[in-house]
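Below: one structure, written as structure tokens.
No value in this document is a laboratory result; all are computed from the given coordinates. Values in this document were obtained by computation on a predicted structure and should not be read as measured data. All Cβ positions, even for glycine, are placed from backbone atoms using ideal geometry, and neighbour counts span all protein chains on display.
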Amino acid sequence: APWIAKVLTLYPEMFPGPLGHSLAGRGMVNNLWQLEAVQIRDFATDKHRTVDDSPFGGGAGMVMRPDVLDAALEATLSAGLAPLVMTPRGRMLNQDRVRDLAAGPGVVVLCGRFEGIDQRVIEARGLEEVSIGDYVLSGGETAALTLIDACVRLIPGVMGSEATLDEESFEEGLLEYPHFTRPADWNGRPVPDILLSGHHERIRAWRLAEARRITADRRPDLWARYCTRHGAGSH
Ligand code: 6GU
């Protein structure tokens, strides 16, 4: 059965967007995964199809109405699909959560617009609040595209060669080692000699050392976790 992504949004025309291209797009054509964009406004009940209102307690901006969102969710949620809402208040997405979501049957993703979403519908429907990083986006749509991209590339058959996936440093909890291709000397900048040596075992060791060095330098948080999981002090 294909992996399912259902997205609730006021801008369904933003989907599949970039995910209709490249390997993700091919995977959709090959029915390895499916995307359905649901127009939240279709669940409004008044003449003007209102989806938002001013915040109780005052303040700037508008809040998405719980009754409209609840009707949209009622029509869209289905057993097994992880119910998510994209918001900068959420738990930060990481590769562990992506792996879990990709291994299941799929996701239902609510995209916030305006200043926010009435908190009661988030609680009533048990939505998991997810952020993609510590910065503010104009809406949850691009965050949803990012989450779905990260999941889809883990679906068996979507990426060209399955081998490239588990070779990736991030699957080991490290940043990637640096990459080089021809020409071997470019504008006086040579490729590291070891990569031209043909010593595959030494190349593997060099790449691992580079991945560790760059991770320790740039991401002490990832480095600490890697050291814990790979035996303290052994590197
Ligand atoms: Cl998930 N949504 C919005 N609107 N902004 C964000 C975000 C999500 N993650 C980081 N910034």
Query - Distant-in-sequence amide H partners of residue 110 (H built 1.01 Å from N, under 5 Å) - result: 8, 84, 85, 86
Report summary line: If R0 = 45 Å, then residue 213 and residue 114, at their Cβ-Cβ distance, give a FRET efficiency to the nearest 0.05 of 0.50
Requested in this report: Measure off 7 Å from each Cα along the Cα-to-Cβ vector at residue 153 and residue 191, then give the distance between these two points in nanometres to one decimal.
Outcome: 2.3
Report task. Evaluate Rg over Rh across the chain, taking Cα atoms for both radii and Kirkwood's formula for Rh. Result -> 1.07
Requested in this report: Starting from the Cα-Cα distance between residue 200 and residue 176, subtract it from 0.36 nm times their residue separation and give me the gain in nm to one decimal.
Outcome: 6.9 nm
Query - Simple Cβ-charge dipole of region 108-213, Lys/Arg +1 and Asp/Glu -1, about Cα centre, in debye nearest 20 - result: 340
Query raised in the report: Long-range amide H contacts for residue 117: which residues qualify at under 5 Å (H placed 1.01 Å from N, peptide plane, sequence gap of 5 or more or a different chain)?
Result: 64
**Report entry** Cα-based equivalent ellipsoid of region 1-139: semi-axis lengths in Å, sorted from largest, via gyration tensor
**Finding:** 26, 17, 15
